[in-house]
Amino acid sequence: MKTIGKHSRINAAGALLLAMLSSYSSAEVVSIDITAVVAHVDDYGNYLGGKIKPGDQITGTYIYDTATPDTNPLPNVGDYEHTAPGFGVCLVAAGIKFRSHPTMPQFLLELVNNHYNNDAYLFHSYNNAFDIAVPLNAPYEQPDNMISWQLNDDTQQALSHVSLTNEAPDLNAWQSWFGLNIHSRSMQGEFMIRAHVTSAVRGSGTCETESAPASAKYIAHTLLHRSANINDKMEAVLYNNNGTYTIATRHVVSGTPGTVISLQNILNAKPIGMIGIKDTNSNSYPDIALLYTDGEGKSAHILIIDSHTQSTIRVINSTEPQSIARTLELIPDLNRNGFEEMAVLHETTQQTGVVETIDSKSGTIISKRQY
């Protein structure tokens, strides 16, 4: 079985993003709406806080393109890899959203016909954005969040070919041995939700719910920390609307819009990455950290923005002006002041890596390491 390797979390360039979108403009896009019932929850670390229980319902949609080429050389196995924005799966359980990454999905839809005495219909989503995920334990550990669904038929009657169609799978023809699984793990621990799909029908939905101009394209997505006066967490999406960058926020549980932050007057360069951080100016709303550079990717800066007032709180300047900033990550609180740290990865002219660790509360650079 062919799988997709781990992507780096560096955001795709705007030109590449547009090219990927245009390649799908003439193909048929299919949405399948599914409903499932939770059968089992493994969560010994209580990361989900008991919010999802056996018997709860999961609803969602998965989206694919029938014109996607088969990348598996075997004649009785079809692998259809989707990496363009807009494809993948989005699920909601108890108001908690689990979905493919909006800008960098790694979604594999696979059909198996009479292979090792088995038919199978399955998908895997490898790069995902979860409302709740297991925290990372190591400073530069990458998240491992997975969504999978698999149907099997050992009578080998469910499929007669491995070509993509625009029809939902007929659940009466399949057995749900493995079911629908939502899995999050890191060095700290893991949780897994296992469910069985009870309905799969053609739909017309999408996984994009944030407000943005019709011409806008996703650049980055982040979840913002829960704050004292907000009933649920917020998410923020960075858009490129024909060269004008905008951040739109929304409340995760209620789905209501938050604020729309135009970066036109406060940012004169293209952003590289974005993360959500805790409230640093004590107004009970989470803040947004935006990494951008001057010129040709050098002289990196981090812009800290209040997600509620849209005002700039501070600008943090990198101490690596001659290196190329590649990505911005949130890492655990190293100096124990109650605020997580930010890590900026730079590439030097000698093609080595330098990681700056910055306190998200004060903007102080805590450490700098070369690799």
Ordering ARG194, ARG202, ARG369 by how much accessible area each has at a 1.4 Å probe, largest first, what is the list? ARG369, ARG202, ARG194
What is the sum of charges around PHE339, taking Lys and Arg as +1, Asp and Glu as -1, for the other residues whose C-beta is under 11 Å from the C-beta of PHE339? -3
Most packed first (mean Cβ within 10 Å per residue), the peptides 239-246, 86-93 order as 86-93, 239-246
Just how far, in whole angstrom, is the stretch 83-107 from the stretch 40-65 if you go by their alpha carbon centroids? 14
Net charge (Lys, Arg +1; Asp, Glu -1) of residues whose beta-carbon lies under 13 Å from that of HIS161, HIS161 excluded, is -3
Can you compute the modelled spin-label distance between VAL201 and GLN351, with each label point 7 Å from Cα toward Cβ, in nm? 5.6
On the accessible surface of the stretch 31-172, probed at 1.4 Å with all protein chains in place, carbon and sulfur together account for a percent value of 51
Gain upon complete extension [SER284, THR319; 0.36 nm per residue less C-alpha separation]: 9.6 nm
Computed accessible area, SER367, all protein chains, 1.4 angstrom probe, square angstrom: 40
How large, in percent, is the carbon and sulfur part of the accessible surface of the stretch 266-371 at a probe radius of 1.4 Å? 47
If we count every other residue with Cβ under 10 angstrom of VAL112's Cβ, Lys/Arg +1 and Asp/Glu -1, where does the sum land? -4
Counting sequence-distant residues (5 or more places) and residues on other chains, those with an amide H built under 5 Å from that of THR259 are THR249
Range of Cα positions in the stretch 83-140 per principal axis (Å), largest first: 43, 27, 27
Heavy atoms of the protein only, probe of 1.4 Å, neighbouring chains included. What is the accessible area of GLU28 in Å², nearest 10? 80
Translational D (Stokes-Einstein, µm²/s) of the stretch 296-371 at 4 °C and 1.567 mPa s when Rh comes from the Kirkwood sum over C-alpha pairs? 100
Area projected by the alpha carbon convex hull of the stretch 236-371, averaged over all directions, nm²: 8.7
Non-local amide H neighbours of ASP144 (under 5 Å, H modeled in plane, Pro and chain starts lacking H): which ones? ARG185
From highest to lowest solvent-accessible area (probe 1.4 Å; ligands, DNA and RNA excluded), SER311, SER31 read SER311, SER31
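The values are calculated or read from the model by the stated rules, or taken from the named source; none is laboratory data. As the structure is a prediction and not an experimental result, all values here were calculated from the model. Quick reminder, even Gly has a Cβ in these numbers, built from the backbone with ideal geometry, and neighbours come from all protein chains shown. To get the accessible areas, we keep the full protein, side chains included, count just its heavy atoms, and leave off ligands, DNA and RNA. Shrake-Rupley method; radii C 1.70, N 1.55, O 1.52, S 1.80 Å.
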